[in-house]
1. With a cut-off of at least 2 residues that are at pLDDT 80 or above and closer than 23 Å to Leu107 by Cβ, name the helices (runs of 4 or more DSSP H) lying wholly within region 122-227.
2. Could you tell me how many of the residues in region 69-125 are hydroxyl-bearing (Ser, Thr, Tyr) and farther than 14 Å from Lys156 by Cα?
3. Residue check: is Lys87 touching a helix residue (DSSP H, G or I) at 6+ places or on another chain (Cβ under 7 Å), open to solvent by 50 Å² or more (accessible area, probe 1.4 Å) and not in a loop (DSSP other than H, G, I, E, B)?
4. Pick from Lys86, Lys109, Lys6, Lys104: which is modelled with pLDDT of 80 or more, farther than 30 Å from Thr174 by Cα and of a type outside the set (Asp, Glu)?
5. For region 170-211, name all the residues that are near the ligand (Cβ under 9 Å from one of its atoms), buried (at least 18 other Cβ atoms within 10 Å of the Cβ) and small (Gly, Ala, Ser).
6. All but one of (1) assigned to a loop (DSSP other than H, G, I, E, B); (2) open to solvent by less than 30 Å² (accessible area, probe 1.4 Å); (3) not small (Gly, Ala, Ser) hold for Glu26; state the number of the condition that does not hold.
7. Looking at Arg94, Arg103, which is the one that is open to solvent by 30 Å² or more (accessible area, probe 1.4 Å), within 27 Å of Trp17 (Cα to Cα) and in contact with a Phe, Trp or Tyr (Cβ under 8 Å, 6 or more places away or on another chain)?
8. Can you tell me which residues in region 1-23 are open to solvent by less than 100 Å² (accessible area, probe 1.4 Å) and either small (Gly, Ala, Ser) or touching a residue at least 60 places away in the same chain (Cβ under 8 Å) (or both)?
Amino acid sequence: VCFQPKSVTISRTADRWFISFKLEYEPVNRPKPHPVVGVDLGIKALAVLSTGIVVEGAKAYRKYEKKLSRLQWINRHKQIGSVNWKKAQIKIARLHRKIANIRKDTLHKLTSYLAQNHSRIGIENLNVSGMMANHKLAKAIQDMGFHEFKRQLEYKCQLYGSSLVVVDRWYPSTKTCSRCHTVQEEMPLSERVFRCDNCGLEIDRDFNASINLEWFRQLGGDSLWTG
Ligand SMILES: [Zn+2]
């Protein structure tokens, strides 16, 4: 296949040059092994799927994050604009880029997997501003890059002919029993296991939520893209 680029962009980050091509691409509608999936973005894992698959987040960048804060601390007294300061700035920018690339790569793998293997994908529209009130949770959400996750999923669903169903943020996916659909009291974040008072189900909290997102689809969610 020969691609004729529509446009070419040259950009610079830190001390490196990048070239990007814009290509026109025909959507590919291929058969999906498991049509429907509910995705729960977790705190512990990157994502828990209603098919039972747990996607771990990239832990690799954590060590670079530590290195980054050490670099910033070491260089805090350098005279701004000096040769040594400039050298340090380039080193810091390189590390920033490395961390961003690792995160991006992890998200791309997840969103490609979802769009290629499922024809309907249910995700929760996170109440990000409300969650930012909780500092620890805010960090986790930033790490996962929810907006980037949604952005990638939207265009990949178009690309592979899948539908993305964005579930209402107030849908109580974490406190509803995925077996009998009883809605319980809100659970504290530290509680990792969902226990149903009605039917006695004991299940991983995130897995329970991801199954509920699939249920929401069957009740009729708000579909953004239809392949
Ligand atoms: Zn139950």
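1. Helices (runs of 4 or more DSSP H) meeting the threshold: 146-160, 205-220.
2. To start, the set of residues in region 69-125 that are hydroxyl-bearing (Ser, Thr, Tyr) comprises 69, 82, 106, 111-113, 119.
Subsequent filtering for residues that are farther than 14 Å from Lys156 by Cα retains 69, 82, 106.
Of the residues in that region, 3 qualify.
3. no
4. The unique qualifying residue is Lys86.
5. Of everything in region 170-211, just one residue is near the ligand (Cβ under 9 Å from one of its atoms), buried (at least 18 other Cβ atoms within 10 Å of the Cβ) and small (Gly, Ala, Ser), namely Ser178.
6. Only one criterion is unmet by Glu26, namely (2).
7. Unique residue meeting the criteria: Arg103.
8. Within region 1-23, Ser7, Ser11, Thr13, Ala14, Asp15, Ser20 qualify.
The values are calculated or read from the model by the stated rules, or taken from the named source; none is laboratory data. Everything numeric in this text was worked out from a predicted model, so none of it was measured. In this analysis, Cβ positions are derived from the backbone assuming ideal geometry, glycine residues included, and neighbour counts consider all displayed protein chains. Just so you know, the surface numbers come from the protein's heavy atoms only, side chains and all, with ligands and any DNA or RNA stripped out. Shrake-Rupley method; radii C 1.70, N 1.55, O 1.52, S 1.80 Å.
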